[in-house]
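Colleague: Questions regarding the structure given below will be posed in turn.
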Amino acid sequence: MKKAYDKTKKKKGNADVILITVVGFIAVIFMFAVHLAWQEMVDPFNDLIADGPLPGSVNNATSLINSFDITISVVLILLIVVTIILAFSINTHPVLFFVSLLLLMGVGILAIKFSNIFNDLSTSPTFINESGTYAASSHILNNYPKYMVIVFFIVIIITYAKISRGGGQQLWKS
């Protein structure tokens, strides 16, 4: 006898957008902190190893830290793409659409809060130079609520608009 409904399948596609929102914010703030710390350490570190066997290592480290902007932007975009692709494999009941709308409000509020925190940090005297250095990440976080709500809408549409052979969602297989 077959199960009417398999409850063991993971149905967390909408919750993944919350994870992306938090991880993206933490990654950008971490990137800013590392860049700021490196700017404070680079001159003493360069003086320390200038006579040593690795004179080019400071330049290599600086170029690596400066590439964080592109790296974090690409990782965030890839996380969003993977979440959208995985939304196709989620079979869910239409009643849960209202729960998704509540999660959408939560993602919107969280993204607005993160965007405001980032705006406060990027305009502070300590981080004012970092926001100019990392243009892509600054743009993403300044428009974070808009991007995360759009991604969440796409995931909701993909999750609930799938049509099976019977003309509607097929949740129970016979």
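The values are calculated or read from the model by the stated rules, or taken from the named source; none is laboratory data. The structure displayed is predicted, hence computed values, not measured ones. All Cβ positions, glycine included, derive from the backbone under ideal geometry; neighbour counts span all protein chains shown.
Colleague: Cβ-Cβ below 7 Å, separation at least six or inter-chain, first residue in segment 89-102 and under 10 Å from Tyr160 (Cβ atoms), second at pLDDT below 80: which pairs?
Modeller: If the second residue must be at pLDDT below 80, the pairs left are Ile90/Lys11; Ile90/Gly13; Thr92/Lys11; His93/Leu171; Pro94/Gln169; Ser100/Asn14.
Colleague: Go through the residues of segment 32-51 one by one and say whether even a single one is within 16 Å of Ile140 (Cα to Cα), modelled with pLDDT under 80 and surrounded by 13 or more Cβ atoms within 10 Å (Cβ to Cβ). Reasoning before the result, please.
Modeller: Taking segment 32-51 and keeping what is within 16 Å of Ile140 (Cα to Cα), we get 32.
Narrowing further to those that are modelled with pLDDT under 80: 32.
Still in the running and surrounded by 13 or more Cβ atoms within 10 Å (Cβ to Cβ): 32.
Checked segment 32-51: at least one residue is within 16 Å of Ile140 (Cα to Cα), modelled with pLDDT under 80 and surrounded by 13 or more Cβ atoms within 10 Å (Cβ to Cβ).
Colleague: Sticking with this structure for a sec: Applying the selection to segment 90-121, what residues are under 14 Å from Val22 (Cα atoms) and of a type in the set (Phe, Trp, Tyr)?
Modeller: Phe114, Phe118
Colleague: Residues that are touching a Phe, Trp or Tyr at 6+ places or on another chain (Cβ under 9 Å) and modelled with pLDDT of 80 or more: does segment 79-86 have at least one?
Modeller: Initially, segment 79-86 is screened for residues touching a Phe, Trp or Tyr at 6+ places or on another chain (Cβ under 9 Å), giving 80.
Among the residues that remain, those that are also modelled with pLDDT of 80 or more are: 80.
Yes: one or more hits.
Colleague: Criterion first (surrounded by 14 or more Cβ atoms within 10 Å (Cβ to Cβ), of a type outside the set (A, V, I, L, M, F, W, C) and within 16 Å of the chain's Cα centre (by Cα)) does Ser115 satisfy it? Spell out the reasoning first.
Modeller: Numbers: surrounded by 14 or more Cβ atoms within 10 Å (Cβ to Cβ): yes; of a type outside the set (A, V, I, L, M, F, W, C): yes; within 16 Å of the chain's Cα centre (by Cα): yes.
Considered against the rule, which asks whether it is surrounded by 14 or more Cβ atoms within 10 Å (Cβ to Cβ), of a type outside the set (A, V, I, L, M, F, W, C) and within 16 Å of the chain's Cα centre (by Cα), Ser115 comes out as yes.
Colleague: Mind listing just one residue for me: the one in segment 123-147 that is touching a Leu at 6+ places or on another chain (Cβ under 8 Å) and buried (at least 17 other Cβ atoms within 10 Å of the Cβ) and, of those, nearest to Leu86 (Cα to Cα)?
Modeller: Narrowing segment 123-147 to residues touching a Leu at 6+ places or on another chain (Cβ under 8 Å): 126-127, 130, 140.
From the residues that got through so far, the ones that are buried (at least 17 other Cβ atoms within 10 Å of the Cβ) too are 127, 130, 140.
Details: Phe127: 36, Glu130: 34, Ile140: 23 Å.
Out of the qualifying residues, it is Ile140.
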